[in-house]
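Down below is the structure, laid out as structure tokens.
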Amino acid sequence: MGTKDLSTPPVLEKAQGSSQLATFAAGCFWSVELVFQRKDGVLQTQVGYTGGHDNKPSYEAVCSGTTGHAEAVRLEYDPKTISYDDLLTIFWNKHNPTQGNRQGGDIGTQYRSAIFYHDEEQKNLAEASKTKRQNNYDVPITTEI
């Protein structure tokens, strides 16, 4: 799979049937995608850039830090098999949400931690999970919602 601008996704624009979409940024999108691909109930994934102001960002532009994009994975999932809360747990366990604009050796705004919600229910669940997860850290979680 190639990278896509997730702000106008050509592949996973709309969930099919009773499936739903979720979008997470937690560092390099390839490793984030892999952890979700291995979960029952995740039907398909797509990596790309989202959260920025350029409609068709290039890799070079995103890496320059001037577009505002984050590397992210959008996934289609079956909520009868895996819940959004389950996906949030996977997201939080996959990375260190206190590192700001980096994950490990990957440094830059494109590697920030973020949850891009698709509806108000996801927003509320994401905010509640962030508040709960904060209890595990002595420093503030920097994840954007």
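Residues in the stretch 58-97 that are at pLDDT 85 or above, open to solvent by less than 30 Å² (accessible area, probe 1.4 Å) and either of a type in the set (Phe, Trp, Tyr) or in a loop (DSSP other than H, G, I, E, B) (or both): HIS69, TYR77, ILE82, TYR84, PHE91, TRP92, HIS95, PRO97. Please verify whether the stretch 7-22 includes one or more residues that are surrounded by fewer than 16 Cβ atoms within 10 Å (Cβ to Cβ), more than 19 Å from SER113 (Cβ to Cβ) and at pLDDT 85 or above. Yes. Here GLN44 qualifies as assigned to a strand (DSSP E or B), in contact with a strand residue (DSSP E or B) (Cβ under 8 Å, 6 or more places away or on another chain) and within 15 Å of ALA22 (Cβ to Cβ). When you check THR50 against the structure, is it at negative phi, polar (S, T, N, Q) and open to solvent by 30 Å² or more (accessible area, probe 1.4 Å), yes or no? The answer is no for THR50.
Here is the figure for the stretch 73-125: residues that are in contact with a strand residue (DSSP E or B) (Cβ under 6 Å, 6 or more places away or on another chain) and among the small types (Gly, Ala, Ser) total 2. Here SER31 does not qualify as of a type in the set (Ser, Thr, Tyr), over 19 Å from GLN20 (Cα atoms) and surrounded by 19 or more Cβ atoms within 10 Å (Cβ to Cβ).
The values are calculated or read from the model by the stated rules, or taken from the named source; none is laboratory data. Since the structure is predicted, the reported quantities are computational estimates derived from the model, not experimental observations. Cβ atoms come from the backbone with ideal geometry, glycine included; neighbour counts cover every protein chain shown. All accessible areas refer to the heavy atoms of the entire protein, side chains included, with ligands and DNA or RNA removed. Shrake-Rupley method; radii C 1.70, N 1.55, O 1.52, S 1.80 Å.
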